[in-house]
Each structure stands twice: as structure tokens, then as C-alpha cells.
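The values are calculated or read from the model by the stated rules, or taken from the named source; none is laboratory data. Because the structure is a prediction, the values reported are computed rather than measured. We place every Cβ from the backbone using ideal geometry, glycine too, and count neighbours over all the protein chains shown. Note: areas computed on protein heavy atoms with side chains; ligands, DNA, RNA excluded. Shrake-Rupley method; radii C 1.70, N 1.55, O 1.52, S 1.80 Å.
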Amino acid sequence: RIALGVGWVGALFVQWQSIDASVLDVLSTRWGAIWLMRSAVLSVLLFKINSLLRGNEKSGALLSGAFLLFTFSLISHSAAKFGLGGAAIDSLHLLATSIWSGGVVCAVIAVFNGERKFLANFSILAIASVGLFVASGLWLSSEQVTTWGALLFTEYGRALVFKLTAVAAVFGLGLINALSPRKNFLIIESGVALIVLFAAASLTNLPPAVGPLGRVDREILA
């Protein structure tokens, strides 16, 4: 509840501070309308979270989670550039990331409790989510970073490099854990997965490395 509440109110606070306008002005924007839709779903989740954490109402939990992810995609860089199609791909990317990162945390809990069945069941889902994560991530990255120079000489590009490095590290750890699960490696993998999520969140607040910057970077590299 604390995590959801801080993220919920914090998003509004950051937006309010970044555009230097009143809260009512922020809520009157497209971003504000989407935030209010998200608020309605979050309110229900906060009220029913005990039941959801016990594994009840799985369909409702999955649909609510998918909807929340889609609200973030509606105000993403991809949505601004490609409209609803870009938002859909971004949402799939977030969904795959959530399944993978959440599953890794569950794997840590399962191993510490001596439960091996979860690992066997999750491995197939993990492979599918990682494949979707990589495919959608490559497309999204290629559209937001248009040159090698932009990848190296812009804040967005450097943040993306950091994220990709963390992703490579966690995939390597994931391969080790898939072959022979170890508690210490699972803990490290879940920690690096959180770093990946933090890096992804930071990218949403940075301007994409496209446009005139790309042309300047090509001239620098030449």
C-alpha cells in the first residue's frame, strides 16, 4: 500500500513540479486524465490488496495490472511518436518486463522455502517474456535512438546503455539460475532486475535521442 501510494501521488507531484503549474491545470491535461483513470483502478487495488496477495481474484488482478501498465504507455515516448500502435508495443514491453522481474522475485521466495515446482513452471513463461522483452525493447530503442552518436553523446543514450548493461548482466545470471538455481545468484538477479526497472523509469523522464541531435552526432562521428 505504501509503495503504490507513494508512486501514485509522487507521479502527480513530479509532473506538477516539472511544468510549474497548479494541480488543477495538470489534471486538466491529457496526462491528468490518464492519471485520474489510473487513480480509480489503484483505489480498488489498495482496498482489495489483501485478497489479491493471497492469490484470490487472479483474473481481476492480471487485468488491473495490465491496464495500469497501458496507462503508462499512453503517455510514453512511443505513444507520442506512433500513437496507439506505439503505446501497444510499449505496453507489451512493460508487461514482459513485469512478468520477468516479478517472477524472479517470486523465484527467490520459492527457493528459500524449498519450493522447486514454481521454478519449473516459471521457466517457460520466463523464456517467453524475455523474448518479448528483447524484441519489443530493440524496436523501441531503435526508434528513440536514431544514431550511434546519439547513443553515446546524449543523456537518453547513456541511460539506455546503462539499462542494456544491467539487462545483459541479469540475463547471464538468469541462465546460470536456470541451469542450477542458487540462492545467492537469485538474490543478485532480483537486485539487478530492480536496477533495470529503475533505469527504465529514468528513460521516461529524458528526451529521446532523435531529431537534430542525431544529425549533429553524425557530423561529430564523421
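Where a ≥ b ≥ c are the square roots of the eigenvalues of the C-alpha gyration tensor, would you call the chain rounded, which needs a/c under 1.5, or, failing that, prolate if a/b is larger than b/c, or oblate? Oblate. Sites listed here are trypsin sites (Lys or Arg not before Pro) in region 38-70 whose DSSP assignment is loop and whose Cβ has at most 10 other Cβ atoms within 10 Å: Arg54.
Where only protein heavy atoms count, and the probe is 1.4 Å, what is the accessible area per residue for region 22-101 in Å²?
With all protein chains present, region 22-101 gives 54 Å² per residue.
A Förster radius of 22 Å combined with the Cβ-Cβ distance from Met37 to Ala3 puts the calculated FRET efficiency at roughly 0.65. Using a Förster distance of 35 Å, how high is the FRET efficiency between Val23 and Ile176, based on the Cβ-Cβ distance and rounded to 0.05? Here the calculated transfer efficiency is 0.15.
For region 82-158, carbon and sulfur atoms together expose 72% of the accessible surface, with a 1.4 angstrom probe and every protein chain in place. Across region 113-200, the relative contact order, built from alpha-carbon pairs under 8 Å that are at least six residues apart, equals 25 percent.
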